[in-house]
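**Student:** Before we start, here is the structure in question, set down as structure tokens.
The values are calculated or read from the model by the stated rules, or taken from the named source; none is laboratory data. Treat the numbers as computed from the prediction; the structure is a model and nothing was measured. Every residue, glycine as well, gets a Cβ built from its backbone with ideal geometry; the counts of neighbours run over all protein chains shown.
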Amino acid sequence: MYDSPTRPLLVTGKKTYTDVTTDIVRPVLGKPTKGWLTGMGIALIALLIGMFCINYTLFVGIGAWGLNKTVGWAFDITNFVFWVGIGHAGTLISAVLLLFRQKWRTGVNRSAEAMTIFAVICAAIFPGLHMGRPWLAYWIFPLPNFHGPIWINFNSPLAWDVFAIGTYFSVSILFWYSGLIPDFATIRDRAQSKTAKSIYNALSFGWVGSAKNWVRFESLSLILAGVSTPLVLSVHTIVSMDFATSVIPGWHTTIFPPYFVAGAIFSGFGMVLTLLVVARKVMNMEDYITVGHVEAMCKVVVTTGMMVGLAYATEFFIAFYSGSQYEMYTFYNRAFGPYGWSYWIMVSCNVLSPQFLWFKKLRTNMTFVFILSIFVNIGMWFERFVIIVTSLHRDLVPSSWFNYTPTMIEVGVLLGTFGIFFTLFLLFAKFFPVIAIAEIKSVMRSSSDTYRPDHISEEKLEEAINAAPGSTGSLNPSMAMSPNEQQS
Amino acid sequence: MSKDYPLKKHIVGIYDCDEKLLHACGQIRKRGIEIKDVFTPFPVHHLEHALGLKNSRLPNVAFCFGLLGTTTALTMMTWMYTFDWPINIGGKPSFPLPSFIPITFELTVLFCSFGMVLTYLFVNKLRPGYVPEIVDPRQTDDRFVVVIEASDDPEKNGQIVQAYKDTGVCEPPREQMLRGNWYNL
């Protein structure tokens, strides 16, 4: 396949194949660093607070939360949709970008997939707790029972959700693990101690990497990507139907599925940026997760941010155009009512702040990207809060209007899920290869400075263009230089 | 390692570059020497053509499992909801096909993925705790290992060694006792 010599490289630092193995396996087999231990300590504290709040909710019941009959869904479902949304970037990166042959996915897919799985675990906690009697959680499955047997309601999007999230979680794990198998084998063959060798051999399932193995591996990845792509889109579509199939003004809109999917991709990439901008620095992975990778993700963020912005505008227009006074009031109240502040936080974080990413100077500034990604996370959390709480708190009967405030227990559960998420992510970063070793090696031939001596860096290209006679300083395809011309 | 596979003498050639390996596999097969197996640290494109391997049949497996998922989902829901215990919720029909579509889709994907991954693990002899026969520990790092079964005829073995040397092995070819049962089928 042709690769332009001016395309930014995916692997820098003149790495050989062994260097790649060494760089990625070093933290796995080495001792945990001080930074890792500190991070783990903080994550565990958050996790403990969360465990306390979860147990409190289990003992006391849902009364420990700030809900009542008007606002029946609030913090919990906001957090559920928030985490499920974050869980979208991983499979999107590994599946959709694999189908589109986007090679930059190789640097980030492993950690993004791990993030997906951990985020879905966090998400599952909330509907589980909100059941009130989580020990009866198996009632959500169509199991034979002693009530007739009376089966679950297949007309309900909540039943679809169970199947969608369950399938998404298990297929994501399969996809992630099938990619990890060859890399565990690499660690096994590198490990010195007997314990490490036998553990990683067990994890690698006894992989040897014969030609036939790889043919099957490629075929498996492609088909899994093919089925995961519609799966990713279906999951948030079905989550949005939890709202859209109801008759609540503010929820009952047909735009919800694409709007939620765009929002999920947006928030997922926001979280990937938050994690990877830090991880690449702390774990010395800057040669594999390059500035180019971060830029590519920033472009996805700005694109999906605009889509989400378009959805906000469309919702308002349709509310006006429908002529339904309830719709119109809900949306007026959303922007200018008692929760108006959360609406404007959402708009400024999700629609306005990503606009900075149009500028290359800001896209390539890691500190800026990190701060911006935090804004995206906050904005997307508030989006779900706005959709859920502002649509519910002033319902059709003014006597039951109610201003919802979360209790400390609810905040504690949210904090706890962050604890679970970061504990799992830090464990992953320590014991698993954070970058897909085999996959990154397979793109090095076409996109690393070791194997592409003909590569022309951006600065050189610009210099050449400016030096060309009659140059106006703008890119002109006829002036794209071959490496030979450049030397002369 | 099963006892059905006795230890046999093999000749092993090690390359340090994927392009050399591709060229070598073509050249060796042109000389009428049969390559037993090749081990690489990452998927080398066109290696399957150089070795004359057939396409994987996993996509067919995936399709069959997917179809199984579709039929399972549809029959399950129709039986439960239409025949076994129809529930009247607001007078809605007891055979709501459009409502069945999301779960049908999810179960299709679920069956397809699990069926395919389990088949993949089975045919590749992958399972937790399986201790494989590793020709060279560097084959998962940066070396490309070609394994050819040695014959009883020393002249033929000489040809194999010569073929390795002509195609640029990075270290002298060596003889190694191997069982060579790396995968099923």
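**Student:** Here are the criteria: (1) facing chain A (nearest Cβ under 9 Å); (2) over 30 Å from A:I435 (Cβ atoms); (3) in contact (Cβ under 8 Å) with a residue 40 or more places away in the chain; (4) assigned to a loop (DSSP other than H, G, I, E, B). Tell me which single one B:T108 does not satisfy.
**Tutor:** The one condition B:T108 does not meet is (4).
**Student:** Let me ask something else. Just the residues that are charged (D, E, K, R) and over 30 Å from B:D18 (Cα atoms), please, taken from the range A:14-52.
**Tutor:** Filtering the range A:14-52 down to residues charged (D, E, K, R) leaves A:14-15, A:19, A:23, A:26, A:31, A:34.
A:K31, A:K34, listed by residue number.
**Student:** Looking at (1) free of Cβ contacts under 8 Å to residues at least 24 places away in the same chain; (2) surrounded by 19 or more Cβ atoms within 10 Å (Cβ to Cβ); (3) over 30 Å from B:S94 (Cα atoms); (4) hydrophobic (A, V, I, L, M, F, W, C), can you tell me which one A:A112 breaks?
**Tutor:** (1)
**Student:** Okay, moving on. Please work out which residue is surrounded by the fewest Cβ atoms within 10 Å (Cβ to Cβ), limiting yourself to the range A:178-207 and to residues that are among the basic types (K, R) and more than 8 Å from chain B (Cβ to nearest Cβ). Walk me through it before giving the result.
**Tutor:** Looking only at the range A:178-207, we keep the residues that are among the basic types (K, R), and these are A:188, A:190, A:194, A:197.
Restricting the remaining residues to those that are more than 8 Å from chain B (Cβ to nearest Cβ) gives A:194, A:197.
Values: A:K194: 8, A:K197: 15.
The selected residue is A:K194.
**Student:** I've got another one for you. Which count do you get for residues in the range B:5-41 that are within 11 Å of chain A (Cβ to nearest Cβ) and without any contact (Cβ under 8 Å) to a residue 12 or more places away in the chain?
**Tutor:** 1
**Student:** Further, regarding this structure: Please give the number of the condition B:A62 fails out of (1) crowded, with 17+ Cβ neighbours inside 10 Å; (2) assigned by TED's automatic domain parsing to the domain that holds B:E171.
**Tutor:** That leaves (2) as the condition not met.
**Student:** Looking at the range B:120-176 only, could you name the residues that are assigned to a strand (DSSP E or B) and aromatic (F, W, Y)? Lay out the reasoning, then the answer.
**Tutor:** Residues of the range B:120-176 that are assigned to a strand (DSSP E or B), as a first pass: B:144-149, B:174-176.
Scanning the range B:120-176 gives a single hit, B:F144.
**Student:** Among residues belonging to the range B:114-133 that are in contact with a helix residue (DSSP H, G or I) (Cβ under 7 Å, 6 or more places away or on another chain) and without any contact (Cβ under 8 Å) to a residue 24 or more places away in the chain, point out the one that is surrounded by the most Cβ atoms within 10 Å (Cβ to Cβ).
**Tutor:** Ranking the candidates gives B:V117 first.
**Student:** Let me ask you something else. Is at least one residue of the range A:225-238 in contact with an Asp or Glu (Cβ under 9 Å, 6 or more places away or on another chain), among the β-branched types (V, I, T) and at the interface with another protein chain (Cβ under 7 Å from one of its Cβ atoms)? Break it down into steps so the answer makes sense when it comes.
**Tutor:** First pass over the range A:225-238, keeping only residues in contact with an Asp or Glu (Cβ under 9 Å, 6 or more places away or on another chain): A:231, A:234-235, A:238.
Keeping just the survivors that are among the β-branched types (V, I, T) gives A:235, A:238.
Subset that is at the interface with another protein chain (Cβ under 7 Å from one of its Cβ atoms): A:238.
Yes, the conditions are met somewhere in the range A:225-238.
**Student:** Follow-up question, since we're still on this one. May I ask you to say which residue of A:F175, A:F169, A:F163 is more than 9 Å from chain B (Cβ to nearest Cβ) and within 25 Å of the chain's Cα centre (by Cα)? Outline the logic, then answer.
**Tutor:** On the way: A:F175 fails: more than 9 Å from chain B (Cβ to nearest Cβ); A:F163 fails: more than 9 Å from chain B (Cβ to nearest Cβ).
The match here is A:F169.
**Student:** I'm told A:N284 meets every condition in (1) under 23 Å from A:T450 (Cβ atoms); (2) of a type outside the set (K, R); (3) touching a helix residue (DSSP H, G or I) at 6+ places or on another chain (Cβ under 6 Å) except one. Can you identify the failing condition by its number?
**Tutor:** Here A:N284 meets the rest and fails (3).
**Student:** Conditions: (1) within 21 Å of A:F428 (Cβ to Cβ); (2) crowded, with 20+ Cβ neighbours inside 10 Å; (3) of a type in the set (S, T, N, Q). A:T290 meets all but one. Number of the miss?
**Tutor:** Of the numbered conditions (1) within 21 Å of A:F428 (Cβ to Cβ); (2) crowded, with 20+ Cβ neighbours inside 10 Å; (3) of a type in the set (S, T, N, Q), the odd one out for A:T290 is (1).
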